[in-house]
Amino acid sequence: MTAAQPLIYPQSQKVNQIDDYHGTKVSDPYRWLENPDTPETKAWIEAQNQLTFGYLSQIPARDRIRERLTKLWNFEKYGTPFKEGKNYFYFKNDGLQNQSVLYTLKALDAPPRVLLDPNTFSEDGTVALSGLAVSNDGKLLAYGLSASGSDWQEWKVREVETGVDRSDHIKWIKFSGASWTHDNNGFFYSRYDEPKEKSKLEDVNYYQKLFYHHLGTPQSEDILIYQRPDKKDWGFSGGVTEDGRYLIVSVWLGTDTRNLVFYKDLSTPDAPVVELINTFEAEYSFIDNEGTRFWFRTNLDAPRGRVIAIDITQPDRTNWQEIIPQAAETLEGINVLNNQFITTYLKDAYDQVKIFELDGHFVRDVELPGIGSVGGFGGKRYDTETFYSFTSFTTPTTIYRYNLVTGESTLFRQPQVDFNPDDYETHQVFYQSKDGTKVPMFIVHKKGLVLDGNNPTYLYGYGGFNVSLTPGFSVSLLVWMEMGGVYAVPNLRGGGEYGEDWHQAGMKLKKQNVFDDFIAAAEWLIENRYTSSKKLAIGGGSNGGLLVGACMTQRPDLFAAALPAVGVMDMLRFHRFTIGWAWTAEYGSPDDPEEFKVLYAYSPLHNLKPGTAYPATLITTADHDDRVVPAHSFKFAAALQAAHAGSAPVLIRIETKAGHGAGKPTTKMIEEAADRWAFLVRVLQIE
């Protein structure tokens, strides 16, 4: 197969499947691809991969790109240290290890010791650490493992001193961490009932339950703390307060940002679970407590967030107190350290950190190394030091030690990457969307870029679920920019950059705003001569894959290439698989006549028009994705290949032994990035 030869796509059989949605008849000819385990689907996957990898193998630049990615990726990566009891813990990756390794040490200048190396759990690095919780005395580690990228987890317990696993083995955990009681005898966690083995990657997940596991006992003896048989779609997250007295139960409803808050007094045997906040009206995130006084971050009457105090002995709303009022920026996170509030705010999609007294009085700003994103600032109530990470588009994640008394930051770990950050520049622009809304966008590229409309440009977006896209370093994007590429990230509505109002402006019946924002970003880049339609590629994953699918079907003329990854492409059946029902809070439900109309109008699968020349497309998915099941991508690929009238390639790359993205081994990440950029080198004709 050469570049000049037209591609012959695998035959995708059509079936006569017609569904009736509120009087609208909708054809679903590729319904059979929803079952990944039939011989027909397996043969289809094999034929598609053969075509895709055959095409990619013909691109001369592919090997060079992979080599450069591998070379740049090979640097030490440190996580932010944290302390429990007398032990410190941190993650580190030597460079090309498939999974990062957890180390422990007695003092920061003591020699570290490997506590848990996930690379030893499988030969190909596809078993990943998916959660951990250290006991209060720092002597025991509860840890979760996930195989091949699945959301399903199994939890075990390891002794920190000996590195030996105990007999405890907890299964069927999903969307849950673990939280230890202060006697270090056990932990709380949430689980689902055991699924059917054959269909566990597709079946819907309902009826989560909150349990307590007592060390050394079988899971069958775990104590049921809370369940709601009358509320199949409620989920429960249980966390023990720092003083050990209360269990805080956050009740979630799918991906809705609004939640309920219950609590249980652990100092009283058989104390009931008390409903403190029992209506889904706002987001309440527990921060800490002082006796019976609980602090929360909430967006109640404050779409950008504020801090309130509730005394559980006087829970009536008239007694609630505002501690830190809403600001112009969006309150993202908050911890109590040095007996003060350490807060993280988002200003135009980059982080600021501010310190307040517990009565709400402002103390100072934390000086950061530049415009970027921070993490960390964890620890205990009276800690006088903490650690934080800082990253930007041109700064690899760097760890700082912060003195909470003096306000001084000192460099703790700085990675050495084989590039010069001074060769690149980042700036932020604000452009107008279709309805006049002002949207920010970061643009990153090599210095000295000529604005002649001829630069290959990768426009990346998400726009949903209250997720904010903030600056961060990526080896993959560095290689793209080394090749002369421009990287652009608009902060679309649907995200959390400007609080709950910004989120709601891009969800449910207003989802089209998100696509309009993305299309307007593309038009701005073309108008301002960064690029042209012939040189413009769009990308995004998950909800961002939906974004790419919707925009390429609405404006196939605007883009030269599209890279939808693990996307939600069938907006009429997404709620019928695994945790898809949970997204109706964000997207709306096709079972609702009004919401169906909106979903049907933009659903990528249902808006492909036969005889249209679509952009060159590389769809990516994974056979073990049980978050956005691969059927979305399978059906979209089959329909796109059937509808496409142009000569540009439309391909699907199906990763095996991988899931939605979490825990993906380094080797697979490098391979996928190499294929993505090689595809763009060819279709955008990059020299």
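Restricting attention to the stretch 284-299, report how many residues are surrounded by 19 or more Cβ atoms within 10 Å (Cβ to Cβ) and assigned to a loop (DSSP other than H, G, I, E, B).
Count: 1.
What number of residues within the stretch 431-463 are outside any loop (DSSP other than H, G, I, E, B) and of a type in the set (A, V, I, L, M)? Show your work before the answer.
Within the stretch 431-463, the first condition is being outside any loop (DSSP other than H, G, I, E, B), and the residues that meet it are 431-432, 438-446, 457-460.
Filter once more, keeping what is of a type in the set (A, V, I, L, M): 439, 441, 443-444, 459.
Adding up the residues that qualify gives 5.
Any chance you could count how many residues in the stretch 554-570 are under 25 Å from residue 623 (Cβ atoms) and part of a helix (DSSP H, G or I)? Lay out the reasoning, then the answer.
At the first step, the residues of the stretch 554-570 found to be under 25 Å from residue 623 (Cβ atoms) are 561-570.
Filter again for part of a helix (DSSP H, G or I), leaving none.
Selection size over the stretch 554-570: 0.
The conditions are (1) touching a helix residue (DSSP H, G or I) at 6+ places or on another chain (Cβ under 9 Å); (2) open to solvent by 10 Å² or more (accessible area, probe 1.4 Å), and residue 580 fails exactly one of them. Which is it?
Of the numbered conditions (1) touching a helix residue (DSSP H, G or I) at 6+ places or on another chain (Cβ under 9 Å); (2) open to solvent by 10 Å² or more (accessible area, probe 1.4 Å), the odd one out for residue 580 is (2).
Is it the case that some residue within the stretch 646-653 is more than 26 Å from the chain's Cα centre (by Cα), aliphatic (A, V, I, L, M) and not in a helix (DSSP H, G or I)?
If we filter the stretch 646-653 for residues that are more than 26 Å from the chain's Cα centre (by Cα), which is where we start, we get 646-650.
Those left that are additionally aliphatic (A, V, I, L, M): 648, 650.
If we keep only those that are not in a helix (DSSP H, G or I) as well, we get 648, 650.
There is at least one residue in the stretch 646-653 that is more than 26 Å from the chain's Cα centre (by Cα), aliphatic (A, V, I, L, M) and not in a helix (DSSP H, G or I).
Of the residues that make up the stretch 301-314, is at least one modelled with pLDDT of 95 or more, open to solvent by 50 Å² or more (accessible area, probe 1.4 Å) and not in a loop (DSSP other than H, G, I, E, B)? Before the answer, list the steps.
Of all residues in the stretch 301-314, those modelled with pLDDT of 95 or more come to 301-314.
Filter once more, so that each one left must be open to solvent by 50 Å² or more (accessible area, probe 1.4 Å): 301, 304, 313-314.
Subset that is not in a loop (DSSP other than H, G, I, E, B): none.
The answer is no; no qualifying residue exists.
Taking the stretch 241-267, which residues are more than 27 Å from residue 496 (Cβ to Cβ) and aliphatic (A, V, I, L, M)?
Here is the first cut: in the stretch 241-267, the ones more than 27 Å from residue 496 (Cβ to Cβ) are 243-247, 264-267.
Within the stretch 241-267, 247, 266 qualify.
Output the number of residues of the stretch 610-623 satisfying the condition of being over 21 Å from residue 55 (Cα atoms) and either among the small types (Gly, Ala, Ser) or crowded, with 24+ Cβ neighbours inside 10 Å (or both). Spell out how you get there, then give the answer.
Step one: filter the stretch 610-623 for residues over 21 Å from residue 55 (Cα atoms), giving 610-612.
Restricting the remaining residues to those that are either among the small types (Gly, Ala, Ser) or crowded, with 24+ Cβ neighbours inside 10 Å (or both) gives 611.
Final tally of qualifying residues: 1.
Please go through (1) under 20 Å from residue 326 (Cβ atoms); (2) out of contact with any strand residue (DSSP E or B) (no Cβ under 9 Å at 6 or more places or on another chain); (3) among the polar types (S, T, N, Q) for residue 468 and return the number of the only condition it doesn't satisfy.
Among (1) under 20 Å from residue 326 (Cβ atoms); (2) out of contact with any strand residue (DSSP E or B) (no Cβ under 9 Å at 6 or more places or on another chain); (3) among the polar types (S, T, N, Q), residue 468 violates only (2).
For residues that are open to solvent by 20 Å² or more (accessible area, probe 1.4 Å) and touching a His at 6+ places or on another chain (Cβ under 9 Å), scanning just the stretch 182-214, find the one that is modelled with the lowest pLDDT. Reasoning before the result, please.
So the first thing to find is which residues in the stretch 182-214 are open to solvent by 20 Å² or more (accessible area, probe 1.4 Å), and the list is 182-185, 191, 193-204, 206-207, 209, 211-212, 214.
Narrowing the set further to residues that are touching a His at 6+ places or on another chain (Cβ under 9 Å) leaves 185, 201, 204.
Working: 185: 97, 201: 63, 204: 74.
Top of the filtered list is 201.
Is there any pair linking a residue in the stretch 130-153 that is closer than 15 Å to residue 178 by Cβ and hydroxyl-bearing (Ser, Thr, Tyr) to one that is open to solvent by less than 10 Å² (accessible area, probe 1.4 Å) and part of a loop (DSSP other than H, G, I, E, B), with Cβ under 9 Å and at least six apart or on different chains, and which?
The qualifying pairs are 135/160; 146/659.
Select, from 120, 104, the only residue that is without any contact (Cβ under 8 Å) to a residue 60 or more places away in the chain, more than 23 Å from residue 378 (Cα to Cα) and hydroxyl-bearing (Ser, Thr, Tyr).
Details: 104 fails: more than 23 Å from residue 378 (Cα to Cα).
None of the others qualify; the one that does is 120.
State whether one or more residues within the stretch 6-26 are open to solvent by less than 60 Å² (accessible area, probe 1.4 Å), touching a helix residue (DSSP H, G or I) at 6+ places or on another chain (Cβ under 6 Å) and in a helix (DSSP H, G or I).
The answer is no, given that none of the residues of the stretch 6-26 is open to solvent by less than 60 Å² (accessible area, probe 1.4 Å), touching a helix residue (DSSP H, G or I) at 6+ places or on another chain (Cβ under 6 Å) and in a helix (DSSP H, G or I).
State whether one or more residues within the stretch 385-402 are open to solvent by 50 Å² or more (accessible area, probe 1.4 Å) and not in a strand (DSSP E or B).
If we filter the stretch 385-402 for residues that are open to solvent by 50 Å² or more (accessible area, probe 1.4 Å), which is where we start, we get 385, 397, 401.
Subsequent filtering for residues that are not in a strand (DSSP E or B) retains none.
Within the stretch 385-402, not a single residue is open to solvent by 50 Å² or more (accessible area, probe 1.4 Å) and not in a strand (DSSP E or B).
Conditions first: (1) outside any loop (DSSP other than H, G, I, E, B); (2) among the small types (Gly, Ala, Ser); (3) open to solvent by less than 30 Å² (accessible area, probe 1.4 Å). Residue 271 passes all but one, so which condition is the exception?
If we test residue 271 against (1) outside any loop (DSSP other than H, G, I, E, B); (2) among the small types (Gly, Ala, Ser); (3) open to solvent by less than 30 Å² (accessible area, probe 1.4 Å), just (1) comes out false.
Here is a check on your reading of the model: is residue 496 touching a residue at least 60 places away in the same chain (Cβ under 8 Å), in contact with a helix residue (DSSP H, G or I) (Cβ under 7 Å, 6 or more places away or on another chain), in a loop (DSSP other than H, G, I, E, B) and not aromatic (Phe, Trp, Tyr)?
Yes.
Residues that are closer than 20 Å to residue 211 by Cα and open to solvent by less than 10 Å² (accessible area, probe 1.4 Å): find the strands (runs of 3 or more DSSP E) completely inside the stretch 97-174 holding 2 or more of those.
On the way: elements: 101-105, 113-116, 127-134, 140-147, 153-159, 165-173.
Here the list reads 140-147, 153-159, 165-173.
For the stretch 517-545, which positions are open to solvent by 30 Å² or more (accessible area, probe 1.4 Å) and among the acidic types (Asp, Glu)?
Hits for the stretch 517-545 are 523, 527.
Does residue 501 satisfy the criteria of being open to solvent by 10 Å² or more (accessible area, probe 1.4 Å), acidic (Asp, Glu) and not in a loop (DSSP other than H, G, I, E, B)? If you could, list the steps in order and put the result at the bottom.
Values: open to solvent by 10 Å² or more (accessible area, probe 1.4 Å): yes; acidic (Asp, Glu): yes; not in a loop (DSSP other than H, G, I, E, B): yes.
Spelling it out, residue 501 is indeed open to solvent by 10 Å² or more (accessible area, probe 1.4 Å), acidic (Asp, Glu) and not in a loop (DSSP other than H, G, I, E, B).
Select, from 119, 98, the only residue that is of a type outside the set (A, V, I, L, M) and touching a helix residue (DSSP H, G or I) at 6+ places or on another chain (Cβ under 8 Å). So that I can check it myself, show each step before the final result.
Details: 119 fails: touching a helix residue (DSSP H, G or I) at 6+ places or on another chain (Cβ under 8 Å).
The conditions single out 98.
Would you be able to tell me the number of residues in the stretch 364-394 that are closer than 15 Å to residue 442 by Cα and β-branched (Val, Ile, Thr)? Please lay out each step first, then the result.
Initial filter on the stretch 364-394 (closer than 15 Å to residue 442 by Cα): 370-373, 391-394.
Filter again for β-branched (Val, Ile, Thr), leaving 371, 391, 394.
The number of residues fulfilling the criteria is 3.
Of the numbered conditions (1) within 28 Å of the chain's Cα centre (by Cα); (2) crowded, with 19+ Cβ neighbours inside 10 Å; (3) in a helix (DSSP H, G or I), residue 44 satisfies every one except a single condition; which is it?
Going through the list (1) within 28 Å of the chain's Cα centre (by Cα); (2) crowded, with 19+ Cβ neighbours inside 10 Å; (3) in a helix (DSSP H, G or I), residue 44 breaks only (1).
I'd like to check something: does the stretch 48-63 contain any residue that is in contact with a His (Cβ under 9 Å, 6 or more places away or on another chain), within 26 Å of residue 608 (Cα to Cα) and surrounded by fewer than 18 Cβ atoms within 10 Å (Cβ to Cβ)? If you could, list the steps in order and put the result at the bottom.
Initially, the stretch 48-63 is screened for residues in contact with a His (Cβ under 9 Å, 6 or more places away or on another chain), giving none.
No - not one qualifying residue is present in the stretch 48-63.
I'd like the residue in the stretch 27-38 that is modelled with pLDDT of 95 or more and surrounded by fewer than 19 Cβ atoms within 10 Å (Cβ to Cβ) and, out of all such residues, is nearest to residue 621 (Cα to Cα).
31
Might you check whether a residue that is over 18 Å from residue 225 (Cα atoms) and out of contact with any His (no Cβ under 9 Å at 6 or more places or on another chain) occurs anywhere in the stretch 259-271?
yes
Only one of 206, 143, 212, 189 is of a type in the set (Phe, Trp, Tyr), within 19 Å of residue 238 (Cα to Cα) and more than 27 Å from the chain's Cα centre (by Cα). Can you tell me which?
Working: 206 fails: more than 27 Å from the chain's Cα centre (by Cα); 143 fails: more than 27 Å from the chain's Cα centre (by Cα); 189 fails: more than 27 Å from the chain's Cα centre (by Cα).
When all the criteria are applied, what remains is 212.
The values are calculated or read from the model by the stated rules, or taken from the named source; none is laboratory data. From a predicted model like this one, the values you see are computed outputs, not experimental measurements. In this analysis, Cβ positions are derived from the backbone assuming ideal geometry, glycine residues included, and neighbour counts consider all displayed protein chains. The protein model used for the area step is the full one, side chains on, heavy atoms only, and it has no ligands, DNA or RNA in it. Shrake-Rupley method; radii C 1.70, N 1.55, O 1.52, S 1.80 Å.
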